[in-house]
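Novice: Provided herewith is a single structure, encoded as C-alpha cells, for subsequent inquiry.
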Amino acid sequence: MMILSGDPPRSRTLSILLVVIVLALLATPFIFPGAKALNVAAKICIFAALVASYDLLLGYTGSVSFAHTMFYGIGSYAIAISLYGLGPNWASVAVAVAAGLPLALLLALAIGLFSLRVEAIFFAMITLAVASAFLVLASQLSWLTGGEDGRSFQLPELLRPGTVFIGKEWFGFPINGRILTYYLVLSACALMILALLRVVNSPFGRVLQAIRENRFRAEALGYRTVFHLTYANCIAAVIAACAGMLNALWLRYAGPDTSLAFSIMLDILLMVVIGGMGTIYGAIIGAAIFILAQNYLQALMSIASTAASEAGLPLLPGLLHPDRWLLWLGLLFIASVYFFPTGVVGRLRGKPAAKH
Amino acid sequence: MSEIAATDTLPKPRRDIAPLLLPVVLALLMIPLVGSASSWVTLTVASLAMGMMIFIMASGLTLVFGLMDVLNFGHGAFIAIGAYVATLVLLPLASWAQADSLLTNLAVLVPAALLSMGVTGALGLVVERVLVLPVYGQHLKQILMTTGGLIVAEQTMYALFGPQIIPMPLPAALRGSFILGDVAISKYRLLALLIGLVIFVAIELVLNRTKIGLLIRAGVENREMVEALGYRIRRLFLGVFMTGSALAGLGGVMWGLYREQVHASIGDELTVLVFIVVIIGGLGSITGCFIGAILVAMVANYGGFLVPKLALVSNILLMVAVLMWRPRGLYAVTSR
Amino acid sequence: MSALLKLSGVETYIGRYHILQGVDFEVPEGQTTMLLGRNGAGKTTTLRTIMGLWQAKTGSITLSGEPIEKLATPDIAQRGVGYVPESMAVFSDLTVKENLVLAARNGPLDDAQLAWIFGFFPALKKFWLSRAGSLSGGQKQMLSIARAIVEPRKLLLIDEPTKGLAPAIVMSLIECLKEIKRRGATILLVEQNFHAARELGDQVLVMDNGTIVHRGDMAALAADVPLQERLLGLSLEAHQ
Ligand SMILES: Nc1ncnc2c1ncn2[C@@H]1O[C@H](COP(=O)(O)OP(=O)(O)OP(=O)(O)O)[C@@H](O)[C@H]1O
Ligand SMILES: [Mg+2]
C-alpha cells in the first residue's frame, strides 16, 4: 500500500490483470525465451512508463501535448550521441543523463511558460508545432544525429549480449548482458511508474485534478495554477526523457522513427485512452494491450489479408494489410473516446475515474 | 427599409493596422538582404503564392474555431484528400491536361477542383456529425476524436491510393513563367495568388455584406445571443464546417499542383503550418489568418534563401515572436 | 385574463448546483410582471431557463398553452419570445444597424417600427452606422432592448435593464418601457431598482433561494412597507 502511495487498483479484475502483467514481464526471459518476446516485453515496460508520464499531463491536468515524443527523443538521442561519440562506457551514459535530462527540463519549462503566457487552447497546437520542428531538426542535423538513419552504438561491456554471467547449463539459455539490460529497463520503469503514482497522490496531484475540473475555481482557491501546470510539464518531460534513454539502451540505436515520429505520439495517445486517462494504472494496461496487438495482431491481419485476396474480395485485402493496422487502431481510438472515455481501468473500476 | 442617415458617428476605433504592415515591412527589409532585385521579386511572388494557398487551407479552421470553439486536428486530412481526389480526374485525363491549350487544360482542372471540393465538403458533413457533434463543448475529446479521424483518413488513403508518391503534373498552359526584363514570375504562382485573393475577398464580402456573414460574425462573438434571436447556429456552423473543409480540399489541389506530387503525408506536414498560421492570426480572425499565412510563407521563402538551416525552425521562431508581441495572435476575435 | 407564460415545478441545475428549486408562476397576457429578489436568488437563471439557455431538469413551461421546456433556444425565440440578457450582449463588432438587421428575423427592418423605436431611443438613430462596441453602457442597453422589440414579440424577457445606469438614464428607460407596455406587450421584467419596479409593474413575483416566495399585485406590495422589508430587506422610503 505504501509503495502504491495509497492508490490501489480498486478493482479485483484490474488487480489480477496488473499482477499477471507484472509477473509475466518479470518472468519473460524464463518463460518466453527468444529475442522477439524479450523485445516486446521491454517495449511494454518502456511504454508503460512513457504513457504514465503522459497520463500525468492528459489525465491529471487535462492538457493535450503533442510534444511528448520530443522529450522521449531527447533521452534517446542523448544516450545514442553520447555513447557513439564518447565510446561505450558508463561515463558516456552518465554524460548522456547529465546532458539529456536538464535539456528536457529546460525545454519543458520553456514550452510551459510560453504556453501559459498565451491562451490555453493554443497549448496542443504549439506543442505540435514545436515537436514537428524538433523532428525536422533531428533528421537534418546529420553530423550530430545521423539524420534519417539515426545512430547505432555499442553498449558498455556489462550490458552486451556477449557478457555471459551464467552459462547455458542452468536454464537452457545463457543469462547474459542482454538479460541484465532487460531487468535494468524493467526496474527503472517500475520505479518511474511508482514515482508517478506518488506524485498524483500527493497534495500536488490533487491540485492538478482541481485545476482540471475547474481552472478558475482552483485559481480562486488561491492555487498558482501556472506554477502547478508548468511543474507537471517538467515532471512528465523528465520521465519521458528517462524512458527514451532506456529505449535507446535497449535498441542500441536512436533514430527519428523509433523515438520522435508523430506515429509514436499517436501510439501514446491510443495507449493512454485505451488504458484509461487519469489513472496511471491505465498506462500499464494500455501499453500491454497495444504493444501485444502491434506485434501479434499484425500477423493475424496478414493471414486475413492473404485469405481475402485469395477469395478475390475487392478492397478488403488492402484494408486488412498489416501495414493498415493503424487504420483499425484509429477506429478503435475514436470508438473508445466515444464509448469508453474512461478506458479499461475506468470500466473495471465500474465508475468513472476521471469525472464527466 | 429606407436608408437611415446617421446624424452622428462615434469615433471609429482606430483600425489596428500594425499587423497589416508587418508583411510589407518584412518584404521591404528583405530587399537589401536578398541583394538582387530579380531574386527578391521571385521570392516575394513565391511567398505570396504560397501564403495564399496556406490561407485557403487555414481559413476554414479559424472560422470553425471562432464560431463554435471547435478545434479540428483532422483538418489536414481534408487537404490530402482534396489533392488525391483531384488526381482521380487529372491522371486519367492527362492528355487534356497536357494539351497545349489553356481552355482544354481548364476543362479538366476546374472539374477536378470542383470534385475535390465536393468530396471534402461532403466529408466535412460526415466528420462534423460523427466526430465533432458528439463531443461538442469538450476540447479534450474534440482533439482526441479529430486526431483519431486524421489517422483513419490518412490510413484509408494509403489503402486506397497506395503508399507511393503520386505525380500530379501541372497542366501545360500553367507551366513556365512570364519574363519581365530579368524577372521571371511563374504562371502558376500568379494563378495561385489570384485565386487566393479572390477567395479572401469573397470571404470578406460574405462576412461583411450578407446576413449569413453577419450571423457568423455575431456568433463568433456571442453564440448564445444569436440563438436567443431565433437562429439555429448549429446549422450555420455545419455550413461553415463544410465550406472550410471544401476550401481545405481546394488548398490541397493547389498545393499538389504546386509540388507536382501528392502523398498522404502532406496532411501532417500542412497541419502544422496551418496551425501556426491560425495561432499567429488569432483564432477566429480571417484577416489575421490572411496575414499569418503570408508571414509564414515569407519566412519560409526568404529564410530558405538567406539561411537555409534556419528554415527548419523559422516558423516556430515566427510564432514565438508574434505571440510574445500579442499573446492572443495578431487579431484576437473571440472573448472566449 | 389568461396566462401567456406558465411555469410549474421548474427545477434547474447548473452543473452540480441545484439553482431553481421548484419555480411556479404565471405571466398574464398584456401585463408587466416584475421578478424581484436578492442577488443570487435565481432571477437570471429563471429567464435563461425560459429561454432554453439552461435546460429545466423537471417541471413544465408553457407559452400560450404549448410546452416549450424541451425546445431549443432558437425554437423558443421563434415562438415569439424576445430576450434582453443581463449582460446586454450586443454584438460589439457589428454596427447598430447590423445588430437590428439580425434581430429582425422575419425580413427587412420595418420603417414604422424603427421610427417608433427612434422616438424614445434617439441615440440609436444618431449612431446608426457606428460599431455597437463603441456605444456607452446606456446606449448598449437601449440597443439590446431595441433588438427585442424591432419586430413585435409575444413576450419580452428583460433582465435588469437599469443595472449600472445613471439615475437620469434610468428615468428615461422607464419611460421607454412604459411606451413599450402601452403597445400591449407582455413583459417579464427582472429589476433591482424598486422605484422602477413600482412604476412599471402590474404583477410582482419575489424570488429567494430558487423559489417564488411572494406573488401578487405590484400596487399592493408598493403600499405595504413592512412586507417589502420582509421580502426584499428594504423599504421604499429608504430607497428613494
Ligand atoms: N454558470 C454558473 N455556474 C454555477 N453557478 C451559477 C452559474 N450562474 C449562476 N450561478 C448561481 O446560481 C445562483 C442564481 O444566480 P442568478 O444569476 O440566477 O441570480 P440573480 O437572481 O440573477 O442574481 P443577480 O441579482 O445578482 O443578477 C447564484 O447562486 C449563482 O452563483
Ligand atoms: Mg441576475
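Novice: Per-residue Cβ counts within 10 Å, from other chains only, averaged over B:137-147: what number is that?
Specialist: Taking all residues of B:137-147 together, the mean is 6.
Novice: Putting +1 on Lys and Arg Cβ atoms and -1 on Asp and Glu Cβ atoms, find which of A:LEU107, A:ALA304, A:SER202 reaches farthest to the positive end of the dipole of region A:12-349.
Specialist: Farthest towards the positive end: A:SER202.
Novice: Compute the convex hull volume of the Cα atoms of region C:90-152, divide it by the residue count, and report the result per residue in Å³ as a whole number. Mind dumping the intermediate values first?
Specialist: Working: hull volume 4.4 nm³, N = 63.
It is 69 Å³ per residue.
Novice: Just tell me how shielded B:278-290 is by partners: mean number of partner chain Cβ atoms within 10 Å of each residue's Cβ, no decimals.
Specialist: Across the residues of B:278-290, the mean count of other-chain Cβ atoms within 10 Å is 1.
Novice: At what distance in angstrom do the alpha carbon centres of region C:124-147 and region B:233-254 lie from each other?
Specialist: 33 Å
Novice: In nm, to one decimal, how far is the A:LEU300 label point from the A:LEU23 one, both placed 7 Å along Cα→Cβ?
Specialist: Here the answer is 2.3 nm between the modelled labels.
Novice: Sticking with this one: Using only Cα atoms, what is the ratio of the radius of gyration of region B:15-162 to 2.2 N^0.38 Å?
Specialist: Details: Rg = 19.8 Å, N = 148, 2.2 N^0.38 = 14.7 Å.
Working it through for region B:15-162, the quotient is 1.35.
Novice: Which listed residue (B:PHE241, B:LEU215, B:SER314) has the Cα farthest towards the positive end of the charge dipole for chain B, taking +1 on Lys and Arg C-beta and -1 on Asp and Glu C-beta about the Cα centre?
Specialist: Value computed over the given set: B:LEU215.
Novice: Given charges of +1 on the Cβ of Lys and Arg and -1 on the Cβ of Asp and Glu, with all other atoms neutral, how large is the dipole of region B:176-224 about its Cα centre, in debye to the nearest 20?
Specialist: It comes to approximately 140 debye.
Novice: Could you list which residues have their amide H under 5 Å from that of C:LEU205, counting only those 5 or more apart in sequence or on another chain, with H placed in the peptide plane?
Specialist: Residues meeting the amide H criterion: C:MET34, C:LEU35, C:LEU36.
Novice: Select from chain A the helices, each a whole stretch of DSSP H, whose alpha-carbon atoms run 30 Å or more along the helix axis and whose Kyte-Doolittle mean is at least 0.5; answer none if there are none.
Specialist: For chain A, where a helix must reach 30 Å along its axis and average at least 0.5, the hits are A:35-61, A:90-117, A:177-201, A:225-251.
Novice: Can you compute log10 of I(q)/I(0) for the protein assembly as shown with the Debye formula, treating each Cα as one identical point scatterer, at q = 0.04, 0.07 Å⁻¹?
Specialist: Here log10 of I(q) over I(0) equals -0.24, -0.70.
Novice: For all pairs of alpha-carbon atoms in region C:138-240, what percent lies in each bin of width 5 Å, listed from the first bin to the last filled one?
Specialist: 2, 11, 23, 24, 19, 14, 6, 1, 0
Novice: Moving to a separate point now. Whole angstrom only: what separates the Cα centroid of region B:154-206 from the Cα centroid of region A:17-87?
Specialist: Measuring centre to centre over Cα atoms gives 43 Å.
Novice: Within chain C, what's the longest stretch lacking GluC sites (Glu not before Pro) that sit in DSSP loops with no more than 16 other Cβ atoms inside 10 Å?
Specialist: Longest site-free region, per DSSP loop and neighbour criteria: C:87-240.
Novice: Pull out a ≥ b ≥ c, the square roots of the eigenvalues of the alpha-carbon gyration tensor of chain C, then state rounded if a/c is under 1.5, prolate if not and a/b is larger than b/c, and oblate in the remaining case.
Specialist: Note, shape of chain C comes out oblate.
Novice: Assign one of three labels to region B:218-336, namely rounded, prolate or oblate, based on the Cα gyration tensor with a ≥ b ≥ c the square roots of its eigenvalues; rounded applies when a/c is under 1.5, prolate when it is not and a/b is larger than b/c, and oblate otherwise. Before the final figure, lay out the partial values.
Specialist: Values: a/c = 3.40, a/b = 1.50, b/c = 2.26.
Judged from the Cα gyration tensor, region B:218-336 comes out oblate (a/c at least 1.5, b/c at or above a/b).
Novice: Please compute the modelled spin-label separation between A:LEU106 and A:GLN140, points set 7 Å along Cα→Cβ, answer in nm with one decimal.
Specialist: 2.0 nm
Novice: Over 32 Å between Cα atoms: which of C:LYS57/C:LYS178; C:LYS97/C:LYS181; C:LYS126/C:LYS178; C:LYS125/C:LYS154; B:LYS141/C:LYS70; B:LYS141/C:LYS140 fall into that group?
Specialist: Over 32 Å apart, Cα to Cα: C:LYS57/C:LYS178; B:LYS141/C:LYS140.
Novice: Normalise the Cα radius of gyration of chain B by 2.2 N^0.38 Å (N = residues in it) and let me know the number.
Specialist: 1.02
Novice: Taking beta carbons within 10 Å but only from partner chains, what does the mean come to for residues B:212-224?
Specialist: For this peptide, the per-residue mean of nearby foreign Cβ atoms is 4.
Novice: Select from chain B the helices, each a whole stretch of DSSP H, whose alpha-carbon atoms run 20 Å or more along the helix axis and whose Kyte-Doolittle mean is at least 1.0; answer none if there are none.
Specialist: B:18-34, B:37-68, B:75-90, B:102-127, B:187-209, B:266-281, B:286-306, B:311-325
Novice: From Cα coordinates alone, what are the radius of gyration and Dmax values for chain A in angstrom?
Specialist: Here Rg and the maximum Cα pair distance are 20.8, 67 Å.
Novice: May I pose another question? Taking the Cα centre of the protein assembly as shown as origin, sum charge times position over the Cβ atoms of Lys and Arg (+1) and Asp and Glu (-1), and report the length of that vector in debye to the nearest 20.
Specialist: I would put it at about 800 debye.
Novice: May I pose another question? For region A:1-137, rounded, prolate or oblate, judged on the Cα gyration tensor with a ≥ b ≥ c (square roots of eigenvalues), a/c < 1.5 rounded, else prolate if a/b > b/c?
Specialist: It comes out oblate by the Cα gyration axes.
Novice: Under a cut-off of 15 Å between alpha-carbon atoms, report the aspartates and glutamates in cross-link reach of A:LYS43, not counting same-chain residues fewer than 8 places apart.
Specialist: A:ASP257, A:ASP267
Novice: Report the extension gain between A:VAL164 and A:ASN89 in nm, rounded to one decimal, defined as 0.36 nm multiplied by the number of residues separating them, less their alpha carbon distance. Please report the intermediate quantities before stating the final value.
Specialist: Values: separation 75, 0.36 × 75 = 27.00 nm, distance 1.77 nm.
So the chain would gain 25.2 nm between A:VAL164 and A:ASN89.
Novice: Work out the charge dipole of region C:143-240 with +1 on the Cβ of Lys and Arg and -1 on the Cβ of Asp and Glu about the Cα centre, then indicate which of C:PRO167, C:ALA146, C:VAL190 is farthest towards its positive end.
Specialist: Going by the charge dipole, the pick is C:ALA146.
Novice: Binning at 10 angstrom from zero up to the longest distance, how are the C-alpha pair distances of region A:218-264 distributed in percent?
Specialist: Calculated P(r), rounded to whole percents: 23, 34, 21, 16, 6.
Novice: Can you list residues whose amide H is under 5 Å from B:VAL262's amide H, if they're 5+ apart or on another chain and H is modeled 1.01 Å from N?
Specialist: Excluding prolines and chain starts, which carry no amide H, the hits are B:ILE166, B:MET168.
FYI, it's all coordinate maths here, none of it is from the lab. Just so it is clear, the structure is predicted and the values come from calculations on it, not from any experiment. Because the Cβ atoms are built from the backbone with ideal geometry, glycine has one as well, and the counts that use them run over all protein chains shown.
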